[in-house]
Amino acid sequence: MTVMTVLKHKPDALRGLFGEYAGEIRRNALPLHNGDIAVEELAASVDPRLLRAGFPPEFNDDPMTVNGKPVHMRSFAEFVVAQEELAWADAGFLLSLPWSSMSTYLIEVLFDPQERDEFYATVAHKPRWVFFAVTEPAHGSDPLGMETTLSADGDSFRLNGTKRYIGNGARGFVGFVFCRRAGATGPLGIEAVRVRAGADGFDAEQLHTIGLRGAGLSELRFDNVKVTEDDIIGRRHSSVRRGFHGAVTTFDLFRPGVGAMALGIARAAYDYVRGERRNPGPVDAATLESLNDRIHSVRALIHGAARSIDAGKGNGSLSSAAKVAAVRLAEDSTRTLLRMLGPTARFDHPLMDKFDRDARGFEFMEGMSDIQRQRIAQGFLSRRFWPSEEPAP
Amino acid sequence: MTTDTTLVAVRDLPKCRGTALAHGLEQALAELHQRVRSTTALVGQHGYSMLPPSLRDLLPTSSEIIGTQATDTGELIIARSGPGSGESSAPWWTGVAWIRLGGVERLNKQATDRLTGRKVQGRPTITLPLVRASVGDVAAAIAEARYLLADTPDAGIPRIQSRFDEIVDVAVRTSLKLFGASGYVVGPPSNLAYAITRLGEVYAGIDQKRIR
């Protein structure tokens, strides 16, 4: 995925394409949630073209197609369509898809060309997972509070610390771990380093979460893990452009996508209840109509934020607004619709119970809503909220 | 719904938002009329109008001025016309919606400017996290409304009206609360807030059946 690309296909055409995959994935949503099937098993059974979505065209010689034209998914405007559709099916499984990893930005922008090519060659023909580890037990996703430490050890380094809530952490074959150089303070002391599964001193354990189980949120522990100079991501870039910048930029770029996933769950719950309540009473009908209006409205905001990023005018606060609005909608939608189905809805409609459990997980991704509201205010008050062509107060 | 506007004029309707933000509702509504140029659109579907005094002569002869609505920059006249005088106009509704959005931004700017100059226990009020969270909520609401409007063609307006009004209502109320008790006193901020709300009511009611 790159910034400054344009939408190659109309959203409705993409929606149709991913809608077909969504139907297939939905069939396994509850078995995956219940632990009756593993992500690895499911990934091996889906169309490999779906797993390669977003790969550079040179590493994807058999892409998905719409109307006979290849779909390479190289824009955020395309991604948010796919993410909404696939989250409608199963947000947990979507989060397990290799291309949904936030590592993509580091690979695309901070890797050397040769490293990038080697990486894509490795993952092009079989499902392999990559993790992106920022969050820590005591500091959440705040990069400046980071305590995982990178210490010099002769010609190499040693990594020590703990990361938590890391998607695909325990199943990743490699990952990028954000850490602070020992003794360094401030944002420029932050680095991202590559850690391979099986490295001495590296231990990963999947967490048992309320929902989003396909995501495989994990705790990662690093006890004197050896890291070489070559493992420092973006080492040929200035420290201003890597490390901290990489983490913050990644979060900003991916927040509309998180919003799209939350939107997909809201829509899934809405569609489910519409199917169950074909002739709702006037109160329920008004509630459904209001939720449908919000789905439509929040989608416009998410797509606007994604288009801004593709146009090179993205800013973190608009991305945060998209995420906050979508997360609220997902929680409101699942809570309201569960209630509409009656007091035993969680037993009688386990899929709705899953939607509700999944919806709550987005609050914590890429920064919780209360933090995002502060960021939105910061952007708004400092006139950095709108893309540059917009009037500012 | 009337569509007696040029494509260029309709495409420029979002500019009315910037005018409302910078100069207030009266100037923005006058600009909207220049762009839409429909006299029938000046009367809402329910027979009421809310316009700057400069457009008074364009109202139907049956119109009666029934009052005024103060804003933060002047006042708008409120008129009632005979049955059947008003007509749904998607471009007019859309323009009014952009103006209301710009009005909310204007109101919020006034609120945050004021809080920048006030202090609580020695700290500027605008730096308090709960206050900033409210500002963030208003910004998110404005963004949602802005992209909803921008992404909706005329034919889709009946579908978005209810949600748009809801978002603007939340943004207006939250912004006015930021003024504290002074926002409850009749004055420029509360006048602007009330005018934004009433504008939405006067020109509400674009009906799918009436689109032509």
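Read-outs: derived from the displayed coordinates by stated rules, not from any lab. All values derive from a computational prediction rather than experimental measurement. Cβ: placed from backbone, ideal geometry, glycine included. Neighbour counts: every protein chain shown.
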Rounded to the nearest Å, what's the spacing between the alpha carbon centres of the range A:100-136 and the range B:72-144? Just the number, please.
44 Å
If the chain between A:ASP203 and A:PHE173 were fully extended at 0.36 nm per residue, the gain over the current Cα-Cα distance would be 9.6 nm
Alpha carbon centroid spacing (whole Å) that separates the range A:253-271 from the range B:178-195
36 Å
Karplus ³J(HN,Hα) for the range B:69-85 (6.51 cos²θ - 1.76 cosθ + 1.60, θ = phi - 60°; Hz, whole; x = Gly/Pro) runs 10, 5, 10, 8, 10, x, 8, 10, 8, 10, 10, 10, 10, x, x, x, 6
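What's the FRET efficiency of A:ARG384 with A:ARG236 using the Cβ-Cβ distance as r and R₀ = 30 Å, to the nearest 0.05?
On the way: r = 29 Å, r/R0 = 0.97.
For A:ARG384 and A:ARG236, the calculated efficiency is 0.55.
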Comparing A:THR250, A:THR344, A:THR162 in a Gaussian network model of chain A (Cα, 10 Å), the one with the largest mean-square fluctuation is A:THR344
When each of A:LYS313/B:LYS15; B:LYS15/B:LYS177; A:LYS313/B:LYS109 is checked by Cα-Cα distance, pairs over 25 Å:
B:LYS15/B:LYS177
Shape of the range A:11-123, Cα gyration tensor, a/c cut at 1.5:
oblate
Check: the range A:11-123 dipole with +1 on Lys, Arg Cβ and -1 on Asp, Glu Cβ, in debye:
300 debye
May I ask you to compute the full-extension gain from A:ASP142 to A:VAL46, defined as 0.36 nm times their residue separation minus their alpha-carbon distance, rounded to one decimal in nm?
31.0 nm
DSSP loop (so not H, G, I, E, B), at most 14 other Cβ within 10 Å: list which trypsin sites (Lys or Arg not before Pro) in the range A:247-282 pass both filters.
A:ARG278
